[in-house]
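One structure is given below, encoded as structure tokens.
Quick note: the coordinates plus some simple rules give every number you see, no bench work behind them. In this text the structure is predicted, and so the values were computed from the model without any measurement. Note that each Cβ is placed from the backbone with ideal geometry, even for glycine, and that neighbours are counted across all protein chains shown.
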Amino acid sequence: MLPSPFQFERPSTIADAVRAVGDSGDSMFYAGGTELLLALKMRVIRADRLIDIKGIPGLDCIAVNDVNEIEIGARCTHKKISGDPIIREHVPALASLCAEVANIRVRNVGTIGGNLCFGEPHADPPAMLAALNARLVLEGSSGTREIHADDFIQSEMETVREPDELLRLIVFPRPAGPVTYRRFKHGERPSVNVAMAWSLNADGNTIKSARVRAGALGSRPQPLPAVESALRNVAVAEARRAIETALPDALDQLEVNADRHGGSDYKRHLAGVLLLRNADEAVIAGGSWLK
Ligand SMILES: Cc1cc2nc3c(=O)[nH]c(=O)nc-3n(C[C@H](O)[C@H](O)[C@H](O)COP(=O)(O)OP(=O)(O)OC[C@H]3O[C@@H](n4cnc5c(N)ncnc54)[C@H](O)[C@@H]3O)c2cc1C
């Protein structure tokens, strides 16, 4: 099916893009178009005007800022992130995640911003960015605001972003310990995924704090607070045992939707398996973190 006719605009500044989207209620930002064009063609969404953000300079930069945070422009493609030297050095798990998203055609043009803003529950980046304690910087007609990655996706295909807000930047602290990510997928998109980020003490042998997020189970990534508190101040070598002890309660607390990826018991079980695989990888990575 072809999409309904729409106009196309190519602004060269964020301010013009925000103004263009705000001018009419039926305009949408257009980045790689991998989700948007499919949805328009299937006529599950409708837009009178697409505002192409690809001509806006600076939206596809990756850098370490003055306060040791990593910044990723929202228009960075999965391909760019997977090959970027800063990401490969400081967050190799994010580089690998992006290298495995979808297929090469989607990775070449699909952007991390489009992925987040679409709010599809079966996505890879949202759980990882929440584990990294990322903030999302939005620019709209009312100014700039920052939203924690944990608070951005509200439910299936729904985010807190206002229609005229452009996601400009994703920012997170440079990791202070191993970051790991495991997904299981038997279709195009992940059925279940788990991301974990540890912050290690200066000696490198003890976990100061941990952030654990499970994605694709419900409508948005979820924390596993029982696992996070079980890992606090635990020796790296004891991490797996600590997780195993906390796991049954932690899995019970997750909200899980049965869907075409599996029943809720199955998906909950998968989350546990993936978490333990994360732990095994983090223990090995933790040993070499400070060397
Ligand atoms: C075949 C296929 C397989 C896939 N497999 C996976 C997978 O394994 N894992 C995974 O995580 N994802 C997967 N995806 C999703 C893919 O990651 C996304 O399609 C892509 O990242 C979306 O980015 P885009 O630039 O194409 O977004 P677009 O299609 O351009 O936009 C998507 C939505 O976001 C809005 N938008 C885009 N950029 C911004 C911005 N900067 N600010 C505000 N709003 C914005 C648009 O208005 C639109 O509503 C798959 C997609 C396809 C088609």
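Quick check: the distance between the Cα centres of the range 1-71 and the range 110-152, to the nearest angstrom? Between the Cα centres of the range 1-71 and the range 110-152 lies a distance of 15 Å.
Return the loop-located GluC sites (Glu not before Pro) in the range 132-232 (DSSP other than H, G, I, E, B) with at most 16 other Cβ atoms within 10 Å of their own Cβ; answer none if there are none.
For GluC sites (Glu not before Pro) across the range 132-232 that sit outside H, G, I, E and B with at most 16 neighbouring Cβ atoms in 10 Å, the list reads GLU156, GLU188.
Rounded to two decimals, what ratio of Rg to Rh does the range 1-141 give with C-alpha atoms and a Kirkwood Rh? Don't skip to the answer; put the middle values down first.
Working: Rg = 15.6 Å, Rh = 16.0 Å.
With Rh from the inverse mean 1/r over Cα pairs, Rg/Rh is 0.97.
Packing order of peptides 87-100, 33-46, highest average first: 87-100, 33-46 (average count of other Cβ atoms within 10 Å over each peptide's residues).
Only Lys, Arg, Asp and Glu carry charge here, each on its Cβ (+1 for the first two, -1 for the last two); on that basis the range 7-52 has a dipole of about 160 debye about its Cα centre. Between the helical axis of 14-23 and the longest alpha-carbon principal axis of the chain there is an angle of about 60 degrees.
Averaging 1/r over each pair of different alpha-carbon atoms in the range 62-173 and inverting the result gives 14.0 Å, the Kirkwood hydrodynamic radius. Taking the Cα centre of the chain as origin and assigning +1 to Lys and Arg Cβ atoms and -1 to Asp and Glu Cβ atoms, the resulting dipole is close to 740 debye. Computed on the range 179-284, with alpha-carbon pairs under 8 angstrom and 6+ residues apart, the relative contact order is 28 percent. More than 29 angstrom separation, counting every C-alpha pair in the chain; what % is that? Percent of Cα pairs beyond 29 Å in the chain: 34. Computed over the chain, the per-residue total of -39500 (n - 2.57) for DSSP H runs of n ≥ 4 gives a 222 nm mean residue ellipticity of -10000 deg cm²/dmol, rounded to 500.
The alpha carbon gyration tensor of the range 124-202 gives principal lengths a ≥ b ≥ c with a/c of 1.5 or higher and a/b no greater than b/c, which makes the shape oblate. With a ≥ b ≥ c the root eigenvalues of the C-alpha gyration tensor of the range 167-291, is it rounded (a/c under 1.5), prolate (a/b larger than b/c) or oblate? Note, shape of the range 167-291 comes out prolate. For helix 239-252, what angle does its Cα long axis make with the longest principal axis of the chain, in degrees from 0 to 90 and rounded to 10? Rounded to the nearest ten degrees, it is 60. Measure nothing fancy, just the Cα-based angle from helix 264-287's long axis to the longest principal axis of the chain, in degrees from 0 to 90, nearest 10. Tilt relative to the chain: about 70 degrees.
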